[in-house]
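Below: the structure, in structure tokens.
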Amino acid sequence: MNKEKNSFYNLGKKYNTDKVTYHRYDRFYPLFLESYRDKEFKLFEIGCGADKASFQMWHEYFPLSSIYVMDISEEHKTERGIVFKGDQSKNKDLVQAIEKVGKCNVIIDDGSHIPTHQINTFNELFPNMLEYGGTYIIEDIEASYWNPKEDLYGYQVGYENIIDYFSSYPHRINSEYCNLKNNFNISTITFAHNCIIIKKQTLEEIELTSREYRFKHFL
């Protein structure tokens with residue numbers, strides 16, 4: 001595979017996904033996704049993009065992967081992937097997606113962009129669908145800055161803020177030194193332009209951060 005020719009940017013342009021044409025996520029996604037390219041794994045995305053653009057891009061970017069997408073209106077099937085209908089605002093649809101797809105190494109929320117939906121989806125999928133060591137991406141966090149009374153895709157934006165929601169997690173990642181628990185086993189959080197990228201701890205990291213703090217008498 002010619003990785004330069006089939007780079008995230010070039011494939012994004014080929015399939016005309018706004019992940020590169022507008023958002024330019026190619027500036028940092030490869031830092032988190034490139035290591036998966038030669039592996040067999042499952043990717044789950046909410047929202048397949050106009051003309052199934054991202055669904056097609058993922059097929060070529062990850063040639064050994066299985067691609068699953070939940071979309072509010074689209075259905076499609078290929079040899080290595082499936083697009084099935086579901087609404088991320090409905091928890092039962094998220095639970096059904098977990099049952100249908102199983103554990104995944106990469107999860108991407110490119111759905112409604114409504115902060116409440118993004119938070120609820122994370123709370124359901126990160127602990128129950130994402131594999132240890134996996135990568136979870138929340139795209140289009142811009143709605144957290146919008147007028148909360150505006151509508152998007154038929155939903156009111158509301159007063160939740162996805163950036164504020166994750167503001168305490170740097171402390172939780174350092175739970176060894178404080179009273180806040182890292183309940184979701186988050187390893188790292190990267191706040192980038194219009195997206196948040198969260199890595200889940202590996203089992204080795206969980207064991208490491210469960211130790212007793214050697215300087216606890218200083219706390």
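The values are calculated or read from the model by the stated rules, or taken from the named source; none is laboratory data. Note that the structure is predicted; figures quoted are calculated from it, not measured. Cβ placement follows ideal geometry from the backbone for every residue including glycine, while neighbour counts extend to all protein chains displayed. Accessible surface is based on the protein model in full, side chains and every heavy atom, while ligands, DNA and RNA are left aside. Shrake-Rupley method; radii C 1.70, N 1.55, O 1.52, S 1.80 Å.
Worth a mention:
- Remark: for residue pairs Lys100/Lys199; Lys39/Lys90; Lys39/Lys77; Lys90/Lys200; Lys42/Lys92; Lys39/Lys181, the C-alpha separation exceeds 26 Å in Lys39/Lys90; Lys39/Lys181.
- Modelled spin labels at Glu4 and Phe215, positioned 7 Å past Cα toward Cβ, are 4.7 nm from each other.
- For region 70-219: relative contact order, % (alpha-carbon pairs under 8 angstrom, 6 or more apart): 19
- Region 110-219 - Rg over Rh from alpha carbon coordinates, Kirkwood radius: 1.05
- Loop sites in region 55-137: GluC sites (Glu not before Pro), DSSP, at most 11 other Cβ within 10 Å: Glu75, Glu79
- Rolling a 1.4 Å probe across all protein chains gives Thr21 an accessible area of roughly 70 Å².
- Long-range HN-HN contacts of Glu45 with modeled amide H, under 5 Å: Tyr68, Val69, Met70, Ile108
- Two-decimal ratio, region 1-131, of alpha-carbon radius of gyration to 2.2 N^0.38 Å: 1.00
- Beta bridges by DSSP in the chain, antiparallel share as percent, to the nearest 5: 45
- Of all accessible heavy-atom area on region 59-142, the percent that carbon and sulfur account for (1.4 Å): 44
- Surface accessible to a 1.4 Å probe, Asp87 within the full protein complex, Å²: 20
- Set of aspartates and glutamates near Lys5 by C-alpha distance (under 18 Å), chain-local residues within fewer than 8 positions excluded: Asp26, Glu34, Asp38, Glu60
- Anisotropy class of region 41-102 from Cα gyration tensor, a/c 1.5 cut: oblate
- Think of each Lys and Arg Cβ as +1 and each Asp and Glu Cβ as -1; about the Cα centre, that makes the dipole of region 21-158 roughly 260 debye.
- For His171, the accessible surface of its heavy atoms amounts to roughly 110 Å² (probe 1.4 Å, protein chains only, rounded to the nearest 10).
- Accessible area per residue, Å², the chain with all protein chains present, probe 1.4 Å: 53
- Residues in region 193-219 that a label on Asn179 would reach, taking backbone N under 18 Å of a point 7 Å out along Cα→Cβ: 213, 216-219
- Converting phi to 3J(HN,Hα) with the Karplus coefficients 6.51, -1.76 and 1.60 and the offset θ = phi - 60°, region 137-150 yields 10, 10, 8, 6, 7, 4, 5, 5, 9, 7, 4, x, 8, 6 Hz in sequence order, with x at every glycine or proline.
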